[in-house]
Amino acid sequence: MDTTQLIELLESLRTDIINSLQAAGSDTTGQTAKSLTIVQEADRFQLQMPGYLQSLETGRAPTSANPIAGDPPMIQRIQQWCQAKGIPEKAAWAIKKSIDKKGYKGKPGILSEPLGDDNINQRLSPILENLANELSQLLLSLAE
């Protein structure tokens, strides 16, 4: 598989995740979509995403004692969300306190569907078919 095909695969998975977030109403500000990046390190490529995406799918427990602050802090993310939704900024503290006390339910499928075996296999199938065709042609040319 050449790098172009790998980048296209990762881009399609990135698009699938963004579509899933939007369908679930979980990308109000667009910041989450922007945070999904494809990174190249030497000859490796990765689709990187913020850790909180898993919490969107599975939910979040109440805040524990002595929590480690996020980056950006949760209150800032809530304030941005409130602004995008047209909710008064002063409500952000009440929302944060509620999350601290009760947590929140997840939205199953946000990540598990785009990153599930069925979707990945569907995305890989044409790439692997092209690779098999290239190998077949190479072997035929060597046999001549």
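The values are calculated or read from the model by the stated rules, or taken from the named source; none is laboratory data. Keep in mind that what you see is a predicted model, and the values were worked out from it rather than measured. Cβ sites come from the backbone with ideal geometry, for glycine too, and all protein chains shown count toward neighbours. Just the protein is used for accessible areas: all its heavy atoms, side chains included, with ligands, DNA and RNA removed. Shrake-Rupley method; radii C 1.70, N 1.55, O 1.52, S 1.80 Å.
Looking across the range 53-95 at every residue that is over 23 Å from the mean Cα position of the chain (by Cα) and outside any loop (DSSP other than H, G, I, E, B), the one that is nearest to Gln31 (Cα to Cα) is identified as Ala92. Residues in the range 12-45 that are open to solvent by 60 Å² or more (accessible area, probe 1.4 Å) and over 11 Å from the mean Cα position of the chain (by Cα): Gln22, Ala23, Gln31, Gln40, Glu41, Ala42, Asp43, Arg44. Within the option set Ala92, Ala69, being open to solvent by less than 80 Å² (accessible area, probe 1.4 Å) and of a type in the set (A, V, I, L, M) holds for one residue only, Ala92.
For the range 113-144, which residues satisfy the criterion of being surrounded by fewer than 14 Cβ atoms within 10 Å (Cβ to Cβ) and not in a helix (DSSP H, G or I)? Passing the criteria: Gly116, Glu144. Scanning the range 46-57 for residues that are open to solvent by 60 Å² or more (accessible area, probe 1.4 Å) and either of a type in the set (Lys, Arg) or touching a Lys or Arg at 6+ places or on another chain (Cβ under 9 Å) (or both) yields Met49, Tyr52. The residue of the range 22-46 that is farthest from Ala132 (Cα to Cα), among those that are of a type in the set (A, V, I, L, M, F, W, C) and out of contact with any helix residue (DSSP H, G or I) (no Cβ under 6 Å at 6 or more places or on another chain), is Ala24.
You will find that of Lys97, Lys105, the residue that is in contact with a strand residue (DSSP E or B) (Cβ under 7 Å, 6 or more places away or on another chain), surrounded by fewer than 15 Cβ atoms within 10 Å (Cβ to Cβ) and at pLDDT 90 or above is Lys105 and no other.
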